[in-house]
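Visitor: Would you mind keeping the following structure in view while I ask a few things?
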Amino acid sequence: MASNQTKKLTKDSVTAWGWATLILLGVFMFLTPFQFGFFNGVGLHKLGQYMFEKPLLYGLLLGIPAFILASLAFIKKGNFEQRHLIAIIGMAIPLVYFLSSFSAKSAYLSKIGLYNNLLIYSFFLLGIFLSDQRKVLRYMTNLFLSFGYTMVIFGFTYLLGNIYRMDALLYSDGVRLASFFTYPNGYAAFLITLLLGNLHHLIKSTKRYEVMIHGFMLVPIIISLLLTLSRGAIIMMPIIALVTLLLFNTRRQLMMLMYVCGALLFSLLIVSDLTSRATVVYERYQQQIASRQAIETVRLISSSSIGGWLRIVFISLLMAGFVYLIHKYVQSVIDRKMSKWMSSRRSRLAIPLIFTIVGVIGVVILSSGVLSSVLPSGTLGRLANINFNTHSVLERFEFYKIAIEMWKESPVLGGGGGAWEALYDQYQSYPFVSAQTHSYFIQILVETGVIGVAIFALFILYIIVKYMIQYFRDLKSENEDHVFFFLIAISILLHSLIDFEMSYGYFSALVFLCLGIVSGNLRKPLFEGRPLTFITNMRRGISIVWFALSIVLIITISNLFYANNQYTESIRRAQEKQSLDAILEPLVSGLKRVSGHPFLLERIAGYQLQAYEQTKDQQYIQTAQMYFDKLAATEPHFSNLVKGRYSLALQQGDKERGIEVLEEAITRYPYELSFYEQVIIDRYDLWNSANNDGVVAKSEDQAQRIFAWYEEVKSRVAKLNELPEAIVYIRPFEITSQMRLIVGQINFTNGKYENAAITLKDGIKDIIETNEDKVLVRLYLASLRKMGKDDLPLFQRLIETDPQEEYEVINLLND
């Protein structure tokens, strides 16, 4: 009797443990928009990536109370069930990252990856122990939707220029809404989960005010989704929708489709206007940034803003009324007229089938351009360009191909957390910039090898399949809140197959929290024949392990926080022009807590180099050497290490060593143009010196090395010209004027005038704008004269820009 009362209490009331968990999840959602969604953007390519460490640490910090709460829940007496075994098996998630750390390509990023997976494991445990607390789950769904609705409204403040946030608005085929994620596809994934949660509550709500609130928010959600211009969302939405429809009975399927279609039609009435307003806001921000002015926002009631808000509110109210009418009148008609047909289990397959057929027809209509007058140009352009020949698709294929090559280096255990970020330059076939693999499971493959990806895939697949089997055995379970959490998990996981949402701590923790809640339905008792002491000792042992993991997080995260704060403090002191000892003191103190921290090591070495430049005291150069050596030993792929070691060699007067540093770096950064150019410039200095001194052998050796690097650049440029036109890369890679000038000068000096002319000709611009270009032209004309040829029009243009250039050419010819 007491046991039944306990179960009833657990289901129908909220315990202190439940309230503590709700508070933790509330803090988690509250912090998310202020900390970039806990994005794991820390990397080794540029110092600016360090800004993502502290926001990520705030998210990792939440794993500590999560482990403690899980330990307290597990240690209680009761049956040992299948869900508890799954909770223990889930320990393999952080374990594979721990094992991969022994073969890590970056010790620092590998630790970050391990801590991040401890976080998602702790949330998975919370989900398991929350699964039987019905009221807590109900509060959680309301908490999630409340948070989501608030963030959607905030998204419009960015769109209409009321609040500024860097990268909340971006441009690609039109202005794209990225909101607090600062990544449109990430925001789109969030909106998809919110849309599914909204629809789930709409079809189960019985209270009028709930129906009106959820109906009102449908239009803002769909408008925001359209304004992200996310092709990934467009591609995955039909699959997610199909899975969602299959989970509900026919009546609810019809209700969902009516709500979505209605909201979409209402949204199309104002989305073009909002796009135009967003474009004006974006262009104004860009002008202010370009002119280095302070960013100016507008008030809510300003003429440029209030019109947009009134349109959103008015259309949303119309949608709320539409939903209310369907809910009150149409739903009862469906039940009355179609009850016999809907009672058949096969009927729930009819609408998904029709949906699939309509979807195919919709694709044909979109590709035909029929809707060009309805959809905004940006949205239409993104829809029309969904094919295998767009830059985003081609880039992803390239990423995946590179990821497979990386994986082959460490096929069993992978390269540890952050392996892609550390290595992708080395494998790329064109100069793209991407710190993410754009696929969750491919990222896991690179980081943890075949063992890790198998564990993750089988673990997640087992939970999904077991839930689906149990769900379809008892279709009444669709009334439970567990469906809500399953929809969130499955939608994000599907979307993460082609994007990097799971690199956000918000999404990864949310997915595993939902998977934990879903797993909590597996209640089959285990070890029933075992003595009670065995089960009790097992519970205590596992609880101690989880509690110990919380201690690990406390120590490691507090140390990282301390090091981060010391880094910031050092920069502050440097800006105040304090003494070198005062500037270095925080950094040295931070390294004592986090040894091998790349950003602190690089900063100390850099300050030492600056001190040497000012004082020429050898002690500073020796200290800089020591710290650069430490950095090379712990983080060989840290990009600033190359520049630091190069500068160090030059300060020591060893140009040959500096060149060797750059030439070695080119093997790891084959598309870093500045390295090639600097190598050619430095070797030209050595060639010039040897040539002036009459050291023929050395002069010829340097010339051959210069020609070899020039041909390497030329060869890579030729390969880039063969790439599909759809591929666009931001980082330039070309034969620069400086390279042409040096190679032309060597050929001219050595009497190879035709080679000099050929080298220089392609670098001549139609308009002579800079002195550097004039030097190229002079050398080109002199080469032609030596060959007995001429280019009078070019010569005439040259002397028209500066009459003195005629004498320069004559002098060069005589030399």
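Visitor: Order these peptides, 599-608, 232-241, by their mean beta-carbon neighbour count within 10 angstrom, highest first.
Guide: On the way: 599-608: 23.9, 232-241: 19.3.
So the order, starting with the most tightly packed, is 599-608, 232-241.
Visitor: Placing +1 at every Lys and Arg Cβ and -1 at every Asp and Glu Cβ, with all other atoms neutral, what dipole size does region 2-519 have around its Cα centre, in debye to the nearest 20?
Guide: 1760
Visitor: I would also like to ask the following. Taking Rg/Rh (Cα atoms, Kirkwood Rh) straight from the coordinates, which label in (i) 1.40; (ii) 1.45; (iii) 1.04 is the correct one?
Guide: (iii)
Visitor: If each residue's Cβ is checked for other Cβ atoms within 10 Å, how do S674, S543 rank with the fewest at the top?
Guide: S674, S543
Visitor: Order 40-46, 133-139, 222-228 from most to least packed using the mean count of other Cβ atoms within 10 Å.
Guide: On the way: 40-46: 21.3, 133-139: 19.3, 222-228: 26.4.
Per-residue mean Cβ counts within 10 Å order the peptides as 222-228, 40-46, 133-139.
Visitor: While we're on this one: Residue separation times 0.36 nm, minus the C-alpha to C-alpha distance between A16 and R299: what's the value?
Guide: Working: separation 283, 0.36 × 283 = 101.88 nm, distance 4.32 nm.
Difference between extended and current length: 97.6 nm.
Visitor: Of L513, Y676, S230, whose Cα points farthest to the positive end of the dipole of the chain (charges on the beta-carbon: +1 Lys, Arg; -1 Asp, Glu; origin at the Cα centre)?
Guide: The listed residue farthest towards the positive side: L513.
Visitor: Moving on to the next point. Can you tell me the order of 433-446, 92-105 when each peptide is scored by its average per-residue count of other Cβ atoms within 10 angstrom, highest first?
Guide: 433-446, 92-105
Visitor: Then there is this: Add +1 for every Lys or Arg and -1 for every Asp or Glu among the other residues with Cβ under 14 Å from the Cβ of M787, and state the total.
Guide: +2
Visitor: Dipole size in debye (nearest 20) for region 682-776 around its Cα centre, Lys and Arg Cβ +1, Asp and Glu Cβ -1?
Guide: On the way: 12 positive and 16 negative charges, 21 e Å.
Around 100 debye, computed over region 682-776.
Visitor: Taking a 21 Å limit on the Cα-Cα distance, which of the listed pairs K105/K655; K761/K786; K204/K328; K111/K592; K698/K789 fall beyond it?
Guide: With Cα atoms farther than 21 Å apart: K105/K655; K698/K789.
Visitor: If you don't mind, there's one more thing I want to ask. Between R473 and R208, what is the FRET efficiency for a Förster distance of 35 Å, r being their Cβ-Cβ separation, to the nearest 0.05? Walk me through the intermediate numbers first.
Guide: On the way: r = 34 Å, r/R0 = 0.97.
That pair, R473 with R208, gives E of 0.55.
Visitor: Quick check: the angle from helix 2-12's long axis to the longest principal axis of the chain, C-alpha only, nearest 10 degrees?
Guide: Helix 2-12 and the main axis of the chain meet at about 50 degrees.
Visitor: Could you state the angle between the C-alpha long axis of helix 231-246 and the longest principal axis of the C-alpha atoms of the chain, as a value from 0 to 90 degrees rounded to the nearest 10?
Guide: The two axes meet at around 20 degrees.
Visitor: Moving on to the next point. Give the angle, between 0 and 90 degrees and rounded to the nearest 10, that separates the Cα long axis of helix 805-814 from the longest principal axis of the Cα atoms of the chain.
Guide: For 805-814 against the chain, the angle is about 60 degrees.
Visitor: Taking the Cα centre of each part, how many Å lie between region 649-695 and region 110-131?
Guide: Cα centroid of region 649-695 versus Cα centroid of region 110-131: 48 Å apart.
Visitor: How far, in nm, would the chain grow between I730 and A582 when pulled straight, counting 0.36 nm per residue and subtracting the alpha carbon separation? All intermediate terms of the calculation are to be shown ahead of the outcome.
Guide: On the way: separation 148, 0.36 × 148 = 53.28 nm, distance 3.94 nm.
Residue separation times 0.36 nm, minus the Cα-Cα distance, leaves 49.3 nm.
Visitor: Any chance you could check the Cα centroid distance between region 238-298 and region 181-230 for me, in angstrom?
Guide: Using only Cα atoms to place each centre, the spacing works out to 10 Å.
Throughout, read-outs are computed from the coordinates displayed, never taken from laboratory work. Quick caveat: nothing in here was measured; it's all calculated off a predicted structure. Neighbour counts run over all protein chains shown; Cβ positions are idealised from the backbone, glycine included.
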